[in-house]
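Remarks on the structure that follows.
Only the coordinates and a few stated rules stand behind these numbers; no lab work does. Every value quoted in this text rests on a predicted model; they were computed, and no experiment measured them. Every residue, glycine among them, receives a Cβ derived from its backbone with ideal geometry; neighbour counts consider all protein chains shown.
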Amino acid sequence: MKGDRRDDGYLERRLKILTAAIGARNRTPPKCKMCRPAIGREFSVSRRPTITPPTEPQLPVRGEDPPTTDRADSRLFLGPDGVRPIWRLVAAVAFYVVLIFAIEALLAIDPAIWAWMRSQSWALLTPGLLLFEESIRVAAALATATWMRRLENRSFADYGLPSWQAFGKKFWQGVGYGFALLSLLIGLIAAFHGFSLGRVALDPAAAVRYALLYALAFLLVGFFEEATFRGYLQATLAEEIGFWPAAIVLAFGFGLLHIRNPGEATAGLLLAGCFGLLAAFSLRRTGAIWFAIGMHAAWDWGETFFYGVPDSGAAAVGHWTTASLHGPAWLTGGSVGPEGSALVFVVMAAGAVGLHFLFPAARRNR
């Protein structure tokens, strides 16, 4: 048939076309897509990118501890309720010290005040010196407690200073108790012929003036020292190590605080520590420090004004009587005063027993 006849030229042309197509497929196509021959694009094979599946985070196996570096650092500064109590205590002490320096620096700008401050000596106490120094300390302590109260979201009652008990029944009980303990000590020393009351040294007007000034001054002393050591410091440190361990540590610090007093000795430092423990015991039984404030203020007032004996190694002007101590140092306390007497530890023990019966421990339901 005419349509089935194919000459040799036809076969040769088909062979050339196939050869060209195979050669185009094996050649590397040009980088420019527009320059690629149609045959190259027809036989090109596209490659799909390899997709790596996401890896799941590896959680610690139960029972195994996670890396300890971050945990150890956080436990050093943070506790279950936020910043650990020990660091809050450090912050409060630092803030108080800065305030003291700032207040005294501001007052020293006045030449008259600066000259008066330089002329004073703690070797001889006066009502003016006590009122000046203790007012600064009380102001700084209250400012510090107010700042910490806001940071910790607490009230003054949490620091042993409930406002509704301020200068109430517990305070006046403490006043009577402190004066009674001091009178017991003076009576024991006198029983061993170590104390003589002497005669009245002041006229009535001067006696009233000194009595009131010293009462106010030692009220500030008692408030500052008890609100600091048995107030904020006790409440905060007790969160870290417990009530009585904190009370012992602070009683030791309270004793060392008196080492700078002129005429102070080891016996006086021990008594200061024991007095701190007695005050902490009153806090434990009454739930507040108002009793301890009254007891502290009355003890110091009785030594300085009423009995006219050295108070923690410091003498004072404005005694009501011309009292004197005489005899061995173990009995009279020597330069320390009655607080350095060996009999003071008997009085402190009696004071603890009295507190035990005056404020019985609350009974717990079994």
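Quick grid of which residues meet (1) over 30 Å from residue 164 (Cβ atoms); (2) among the small types (Gly, Ala, Ser); (3) in a helix (DSSP H, G or I):
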| residue | (1), (2), (3) |
| --- | --- |
| 250 | no, no, yes |
| 255 | yes, yes, yes |
| 258 | yes, no, yes |
| 277 | no, no, yes |
| 281 | no, no, yes |
| 285 | no, no, yes |
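Can you pull out the residues in region 298-323 that are closer than 19 Å to residue 184 by Cα and under 33 Å from the mean Cα position of the chain (by Cα)?
Once the filter is applied, which keeps residues that are closer than 19 Å to residue 184 by Cα and under 33 Å from the mean Cα position of the chain (by Cα), region 298-323 yields 298, 299, 300, 301, 302, 303, 304, 310, 311, 312.
Scan 213, 202, 182, 125 and give me the residue that is closer than 17 Å to residue 306 by Cβ and touching a strand residue (DSSP E or B) at 6+ places or on another chain (Cβ under 7 Å). I'd like the intermediate steps shown before the answer.
Values: 213 fails: touching a strand residue (DSSP E or B) at 6+ places or on another chain (Cβ under 7 Å); 202 fails: touching a strand residue (DSSP E or B) at 6+ places or on another chain (Cβ under 7 Å); 182 fails: touching a strand residue (DSSP E or B) at 6+ places or on another chain (Cβ under 7 Å).
Every option except 125 fails the conditions.
Going through region 269-299 one residue at a time, which ones are of a type outside the set (A, V, I, L, M) and surrounded by fewer than 23 Cβ atoms within 10 Å (Cβ to Cβ)? Quick ask: steps written out before the conclusion?
Our first condition is that a residue be of a type outside the set (A, V, I, L, M); within region 269-299, this holds for 273-276, 281-282, 284-287, 290-291, 294, 296, 299.
Across region 269-299, the qualifying residues are 273, 274, 281, 284, 285, 286, 287.
Which of the residues that make up region 104-127 are part of a helix (DSSP H, G or I), small (Gly, Ala, Ser) and surrounded by fewer than 13 Cβ atoms within 10 Å (Cβ to Cβ)? Before the answer, list the steps.
Within region 104-127, the first condition is being part of a helix (DSSP H, G or I), and the residues that meet it are 104-108, 111-119, 127.
Still in the running and small (Gly, Ala, Ser): 105, 108, 112, 115, 119.
Of everything in region 104-127, those that are part of a helix (DSSP H, G or I), small (Gly, Ala, Ser) and surrounded by fewer than 13 Cβ atoms within 10 Å (Cβ to Cβ) turn out to be 105, 112, 115, 119.
Anything in region 140-153 that is exposed (fewer than 15 other Cβ atoms within 10 Å of the Cβ) and either in contact (Cβ under 8 Å) with a residue 40 or more places away in the chain or assigned to a loop (DSSP other than H, G, I, E, B) (or both)? List them, or say none. Outline the logic, then answer.
Within region 140-153, the first condition is being exposed (fewer than 15 other Cβ atoms within 10 Å of the Cβ), and the residues that meet it are 143, 146, 150-151, 153.
Result: 143, 151, 153.
Kindly indicate whether any position in region 331-340 is surrounded by 14 or more Cβ atoms within 10 Å (Cβ to Cβ), of a type in the set (A, V, I, L, M) and within 30 Å of residue 209 (Cα to Cα). If you could, list the steps in order and put the result at the bottom.
Taking region 331-340 first, the residues surrounded by 14 or more Cβ atoms within 10 Å (Cβ to Cβ) are 331-340.
Still in the list and also of a type in the set (A, V, I, L, M): 331, 336.
Filter once more, so that each one left must be within 30 Å of residue 209 (Cα to Cα): 336.
Yes, that holds for at least one residue.
Would you pick out the residues in region 308-349 that are outside any strand (DSSP E or B), under 21 Å from residue 207 (Cβ atoms) and aliphatic (A, V, I, L, M)?
309, 317, 323
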